[in-house]
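Reviewing the structure listed below.
What follows is calculated from the coordinates using simple rules that are stated; it is not laboratory data. Keep in mind that this is a model prediction, so the values were computed, not measured. When we count neighbours, we look across all protein chains shown, and the Cβ atoms used for this are built from the backbone with ideal geometry, even at glycine.
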Ligand SMILES: [Zn+2]
């Protein structure tokens with residue numbers, strides 16, 4: 001992230017960012033700017049330099065497998081740094097929907113031990129409504145839809161958010177995160193198929209575990225999670 005953006009992110013909230021995004025789209029037609037660094041491109045989602053970054057950093061990726069809760073396997077793709085982190089920030093705080101497609105393209109190829117039957121439904125971590133109003137973009141939904149397209153699987157919302165006042169997880173400790181999200185999600189339908197849960201970043205895995213719990217409440221027997229990046233606790 002450039003010094004200018006650090007300054008801007010510190011100074012203004014997500015609503016201002018979304019407004020700036022709309023203004024920018026009105027001035028430059030969609031696709032005229034790189035969705036990571038904001039430079040003018042030839043209608044490509046990424047400028048040559050960011051494309052190169054993504055490719056170069058792609059070579060050092062490794063799938064990281066964890067079990068944040070009993071019976072929940074969570075696959076995390078890249079460390080939460082560099083171009084991947086920039087793209088996630090653009091998607092979440094800059095209302096840059098095109099970044100979802102670029103991030104989703106990173107999930108292929110899947111690790112050898114991971115495959116999905118065609119009846120698997122892709123879903124996402126439902127965002128609190130208050131946060132959606134602030135950001136004007138549901139990054140989880142966009143990411144899940146893009147991943148579902150990559151994997152040729154159906155995608156729909158399976159969870160609703162019970163407690164819309166849940167605090168952001170970012171500043172909380174592990175135990176704080178657990179308490180904050182207790183009972184936060186509930187299933188929207190009877191679930192009799194395998195579920196693939198998508199999120200942007202995995203830190204402690206608490207959010208994923210809570211979602212998996214709710215999916216099981218709905219009847220899901222098999223839940224797998226994929227996050228684009230994995231962050232160390234506290235990042
Ligand atoms: Zn760029």
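Here are some notes:
- Normalised by the number of residues in segment 61-230, the mean separation of alpha-carbon contacts (under 8 Å, six or more apart) gives a relative contact order of 30 percent.
- Highest-first arrangement of 123-136, 96-109, where packing means the average Cβ count within 10 Å: 96-109, 123-136
- Modelled spin-label separation between residue 81 and residue 52, with each label point placed 7 Å from Cα along the Cα-to-Cβ direction: 2.0 nm.
- Residues residue 39 and residue 156, FRET efficiency given R0 of 30 Å [Cβ-Cβ distance, rounded to 0.05]: 0.25
- Computed over segment 61-230, the percent of Cα pairs more than 20 Å apart is 48.
- Extension gain (nm, one decimal) between residue 129 and residue 110, 0.36 nm per residue minus Cα-Cα: 3.6 nm
- Relative packing of 138-148, 76-86, which averages over residues the other C-beta atoms within 10 Å, highest first: 138-148, 76-86
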